[in-house]
1. What Rg and what Dmax come out for the range 19-61 when only alpha-carbon atoms are used, in angstroms?
2. Once you have the Cα-Cα distance between S157 and T230, take 0.36 nm times their residue separation minus that, and quote the gain in nm to one decimal.
3. Give me the compactness ratio for the range 116-198, meaning the Cα radius of gyration over 2.2 N^0.38 Å.
4. Straight-line reach from K229: which aspartates and glutamates have Cα under 13 Å away, leaving out those fewer than 8 places along the same chain?
5. Please compute, for the alpha-carbon atoms of the chain, the extent along each of the three principal axes and give them in descending order in Å.
6. Please list, in chain and number order, the residues 5+ apart from T32 or on another chain whose amide H is under 5 Å from its amide H, with Hs placed from the backbone.
7. Beyond a 20 Å Cα-Cα separation, which of these cross-linked pairs lie in this structure: K68/K212; K31/K68; K88/K132; K57/K88; K39/K88?
8. What aspartates and glutamates could a cross-link reach from K195, if we take a straight Cα to Cα line under 19 Å and drop same-chain neighbours fewer than 8 places away?
Amino acid sequence: MHNNSPIGIFDSGIGGTSIWSAIHNLLPEEKTIYLADSKNAPYGQKSKEDIIKLCYKNTDLLLRMGCKLIVVACNTATTNAIQELRSKYTIPFIGIEPAIKPAATNSRTQTIGILATQGTLNSELFHKTAEKFNETKIIEQVGHGIVQLIENGQIDSPEMTQLLQSYLMPMIEANIDYLVLGCSHYPYLIPQIKKIIPENIQIIDSGEAVAKQTRNILNEKVGFSIAKKTEPIFYTNTNPKVLSEILENKYVVIEKDF
Ligand code: DGL
């Protein structure tokens, strides 16, 4: 079974490109269309109802562009809206959730940290997953302000270092041995995080797992592309500069109102 239609990927902004990268590396022959809804970022402080509406808007656009599968490259959108998306549309959706399971299962100190948005940490889906690991102490921390700094192109700034220090120090003191990055923007902070945390703390994000799940769903339900040359397309509804920069200016970024 073959299907040359594109895979649609969306996020509240530029962070989901960390997931896009994992998908593009694993499935380089697949055409991808990425939507950065930066105009509405951050999603993490919005109500569930508003997040669902934004997810419908993004999905409708990707469907008009002919996508065969949609990856919700945003923990906040997944944990608040994936059920609604799956019941409204027939197209398959792949979501991204904080990787608590591998962290909790492998933790020796029985203490793990999770850094995520308020929307993710408050969601029912997150609570249900966390409850399954009630023998592990989970230190939850909202990453207030981090997404805004990343969207402003201030990944490597003194403000960011200060925020990260204030969020991570209490986790280090609590003796975590795993740090779960529960927001698709955060993998871009790994170099700075490594400067703050001791070497024995493992950092986990969900990019590779999402890419593998995408490959499974293409294999089982949707079909792989057999197109030869595929250039990814990126759309943003704000100034394209920051998105282009995070992609190292390697790809076309189109500014579009959506
Ligand atoms: N990148 C997003 C996530 O994975 C959302 C950040 C936000 O818009 O608050 O949660």
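1. That works out to 13.1, 37 Å for Rg and Dmax.
2. On the way: separation 73, 0.36 × 73 = 26.28 nm, distance 3.47 nm.
Working it through step by step, the gained length comes to 22.8 nm.
3. My calculation over the Cα atoms of the range 116-198 gives 1.12.
4. Counting by Cα, and skipping residues close in sequence, K229 has these aspartates and glutamates nearby: E29, E30.
5. The Cα atoms of the chain stretch 50, 37, 35 Å along their principal axes.
6. Hits under the 5 Å cutoff: I7, I233.
7. Table pairs above 20 Å Cα-Cα are K88/K132; K39/K88.
8. D156, E159, E173, D177, D205
The values are calculated or read from the model by the stated rules, or taken from the named source; none is laboratory data. Keep in mind the model is a prediction, meaning the values are calculated, not measured. As a convention, Cβ positions derive from the backbone with ideal geometry for all residues, glycine included, and neighbour counts pool all protein chains shown. Ligands, DNA and RNA are stripped out before the accessible areas are found, and what is left, the full protein with its side chains, is counted by its heavy atoms. Shrake-Rupley method; radii C 1.70, N 1.55, O 1.52, S 1.80 Å.
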